[in-house]
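The values are calculated or read from the model by the stated rules, or taken from the named source; none is laboratory data. If you're wondering where the values come from, they're calculated on a predicted model, not measured in any experiment. So basically every Cβ, Gly included, is an ideal-geometry build from the backbone, and we count neighbours across all protein chains shown. These accessible areas exclude ligands, DNA and RNA; they are computed on the full protein's heavy atoms, side chains included. Shrake-Rupley method; radii C 1.70, N 1.55, O 1.52, S 1.80 Å.
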Amino acid sequence: MDAVKKSIREFLLTTCLPGESLATLRDDTPLQTSGILDSLASIKLVMFLEQQFGVEMDVYDTSPERFDRLQDIAAAVITKQRQQTQAARATRA
């Protein structure tokens, strides 16, 4: 999960918080509820996640309850990757 969090953190610091240090964006920093991620930034993040990690995020995954903190976003990505891997195996069997 650390590699996923690192990649997401770097994206957010580059696109949403330019000039901020790594220490500014902790794993538990609220992103949507604090205003760091507005609707446009959230869409950009979803596009990044889908391209970077090969996952498909839906509305349920990106609700503020599940998509507000870096650790939650990384967990959602890992869950999606596992689900997609299991689905791919099931279709091959």
*asked:* I'd like the orientation of helix 2-15 relative to the chain: the angle between its Cα long axis and the longest Cα principal axis, in ° from 0 to 90, rounded to 10.
replied: 50 degrees
*Rounded to the nearest 10 Å², what accessible area does Phe48 show when all protein chains are kept and the probe is 1.4 Å?*
40 Å²
*Mean residue ellipticity (222 nm) of the chain, computed from DSSP H runs ≥ 4 via -39,500 (n - 2.57), nearest 500*: -19000 deg cm²/dmol
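At a Förster radius of 41 Å, what calculated FRET efficiency corresponds to the Cβ-Cβ distance of Thr14 and Arg89, to the nearest 0.05? Don't skip to the answer; put the middle values down first.
On the way: r = 35 Å, r/R0 = 0.85.
Working from the Cβ atoms, E equals 0.75.
Which value, in debye to the nearest 20, gives the size of the charge dipole of the chain about its Cα centre, when Lys and Arg are +1 and Asp and Glu are -1 at the Cβ?
Values: 11 positive and 13 negative charges, 83 e Å.
Approximately 400 debye in magnitude.
Over the chain, average the accessible area per residue using a 1.4 Å probe and give it in Å², no decimals. Write out the running numbers ahead of the final one.
Details: 5760 Å² over 93 residues.
Roughly 62 Å² per residue, with all protein chains present.
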_Accessible area in the full protein assembly, largest first, 1.4 Å probe, for Val59, Val77, Val46_ = Val59, Val46, Val77
*Using a probe of 1.4 angstrom, how much of the accessible area of the chain is carbon and sulfur, in percent?*
53 percent
*Alpha carbon convex hull of the chain, volume per residue in cubic angstrom*: 89 Å³
*From the residues Ala41, Tyr60, Ala90, which one has its Cα farthest along the dipole of the chain in the positive direction, the dipole being from +1 and -1 charges on Cβ of Lys/Arg and Asp/Glu about the Cα centre?*
Ala90
